[in-house]
Amino acid sequence: MRIAIDYTPAIRQGAGIGRYTRSLVSALAGRLSDGEELVLWHTRDAEPEDPPSLANDRVQLRRVPLPERVLTGAWHRLHAPFRLEHLIGSVDVVHGPDFVIPPTSAPAVVTIHDLSYIVTPEYAHPALRRYLMQAVPRALERAAGIVAVSETTASDLVEHYSAPRERITVIPNGVDPRFHPPSQEEIRRVHAKLEVRRPYFLTVGTIEPRKNHRTLLEAFAQVYAAFPEASLLIVGRHGWLADPIVAEIDAAARRLPVRLLSRIDDRLLPGLYAGSTALVYPSWYEGFGLPVVEAMASGAAVITSDHGALAEVAGDAALLVPAGDADKLAEQMCRVLEDTALREDLVQRGRARAAQFTWEAAADAHLALYRRVMAER
């Protein structure tokens, strides 16, 4: 069975769907059965700097001789009829890990990470929203199998697209093995490198309206009034409509110990998570919420939103608050600062919760789905 996977997101996107694609492919490569191989195709303008292990003779990397913009426009906007097989040869299953699937004669699987562009349209880039509103229904109609990364996303697909529930398979994301509790020496090294001092609260995620930095800043101002030794560290790359949010962060930093790190080496994140008082993740909407389980796996307490996939993924291992309630968020942040036993309990429960999310389990579930859609062809 030749399984074709669009590897372009793994190359073009640092976090989110890029990390999902890289981690899934890495796990799949080590779990293929006899007669199975991966064909990872990517566009001409997306050359991998760090290709997946091609020492494995069951993994092939195929370069499509067109740039991503041209191919995306041809397939998903103009509905050009030429199939993927014309570019990479015959395949048995095609997987689109980023909301869409190319024209193909093979049975196809598509991953839907969230429906934020429908559920919270005010937090979606208008151009991206228009594109997904057009492309996703076509992908769902043509897909033999649909992967949802959470029960929340699966329910959203049924509610908003009337997607047949029997064609949806819920496969949660995994946690990269590098997210584990680091040594105290490693935590001190990370703190020294980034010039961070305890106690600090941490939030990790793209700087964009959906992540709800405004409520976090309002909550932290209350925390600081009671605990002037505390600080807030915001880690995230600039995303859509980042400028006004960055301006608010800068304004807060003139009167509070608030610091923005737009780019850091991902290898520093476990130490940063583990050294924090808590990860605070008050997002308005997520399809999964990977920072929540990455923080838990690293040994951090977590405070996050009480709805949707965030509550689903966190389970009973985090403090949950309404996304827009700064007063309640501040109250829970103060609790974790004051109550060492509470924080340690959250850390222990978080580690147990994160252990349930592995890329090996995700890879096995994907392989089972590939085999099923091929058998049902």
*Give, as residue ranges, the helices (runs of 4 or more DSSP H) completely inside segment 124-231 that count at least 1 residues that are buried (at least 20 other Cβ atoms within 10 Å of the Cβ), touching a Lys or Arg at 6+ places or on another chain (Cβ under 6 Å) and aliphatic (A, V, I, L, M).*
none
*From 318, 352, 323, 375, which residue is at pLDDT 95 or above and closer than 21 Å to residue 31 by Cα?*
375
*asked:* Can you pull out every residue in segment 72-90 that is surrounded by fewer than 22 Cβ atoms within 10 Å (Cβ to Cβ) and in contact with a strand residue (DSSP E or B) (Cβ under 9 Å, 6 or more places away or on another chain)?
replied: 72, 85, 87, 88, 89, 90
_Qualifying positions in segment 315-344 - exposed (fewer than 15 other Cβ atoms within 10 Å of the Cβ) and under 16 Å from residue 273 (Cα atoms)_ = 344
*Can you pull out the residues in segment 285-317 that are part of a loop (DSSP other than H, G, I, E, B), farther than 14 Å from residue 357 by Cβ and over 15 Å from the mean Cα position of the chain (by Cα)?*
299, 300, 301, 306, 307, 316
*Has segment 240-254 got at least one residue that is at pLDDT below 95, in the same structural domain as residue 307 (by TED's automatic domain parsing) and basic (Lys, Arg)?*
no
_Number of the exception - residue 192 against (1) out of contact with any helix residue (DSSP H, G or I) (no Cβ under 7 Å at 6 or more places or on another chain); (2) of a type in the set (Gly, Ala, Ser); (3) not assigned by TED's automatic domain parsing to the domain that holds residue 290_ = (3)
_Show me the helices (runs of 4 or more DSSP H) entirely contained within segment 1-80 in which 2 or more residues are at pLDDT 90 or above._
8-12, 17-29
*Assess whether residue 115 counts as being more than 24 Å from residue 367 (Cβ to Cβ), touching a helix residue (DSSP H, G or I) at 6+ places or on another chain (Cβ under 6 Å) and modelled with pLDDT of 95 or more.*
yes
*Are there any pairs with C-beta distances below 6 angstrom linking a residue in segment 52-77 that is in the same structural domain as residue 135 (by TED's automatic domain parsing) and among the acidic types (Asp, Glu) to a residue that is in a loop (DSSP other than H, G, I, E, B) and at pLDDT 80 or above, with the two at least 6 apart or on different chains, and if so which?*
none
*Considering 294, 312, 286, which residue is assigned by TED's automatic domain parsing to the domain that holds residue 218, within 24 Å of residue 147 (Cα to Cα), in contact (Cβ under 8 Å) with a residue 60 or more places away in the chain and surrounded by fewer than 24 Cβ atoms within 10 Å (Cβ to Cβ)?*
312
*Among the candidates 137, 209, residue that is assigned by TED's automatic domain parsing to the domain that holds residue 271 and modelled with pLDDT of 95 or more*: 209
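Within segment 65-88, can you find the residues that are of a type in the set (Gly, Ala, Ser) and under 26 Å from the mean Cα position of the chain (by Cα)?
73 - this is the single residue of segment 65-88 that is of a type in the set (Gly, Ala, Ser) and under 26 Å from the mean Cα position of the chain (by Cα).
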*asked:* Against the condition under 22 Å from residue 147 (Cβ atoms), in contact (Cβ under 8 Å) with a residue 24 or more places away in the chain, in a loop (DSSP other than H, G, I, E, B) and within 26 Å of the chain's Cα centre (by Cα), how does residue 102 come out, does it pass?
replied: yes
_Any residue that is without any contact (Cβ under 8 Å) to a residue 60 or more places away in the chain, acidic (Asp, Glu) and over 30 Å from residue 308 (Cβ atoms) - is there at least one of those in segment 83-91?_
yes
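The values are calculated or read from the model by the stated rules, or taken from the named source; none is laboratory data. Note that the coordinates shown come from a computational prediction; the quantities given were computed from them, not determined experimentally. Glycine also receives a Cβ, built like all others from the backbone with ideal geometry; neighbour counts cover every protein chain displayed.
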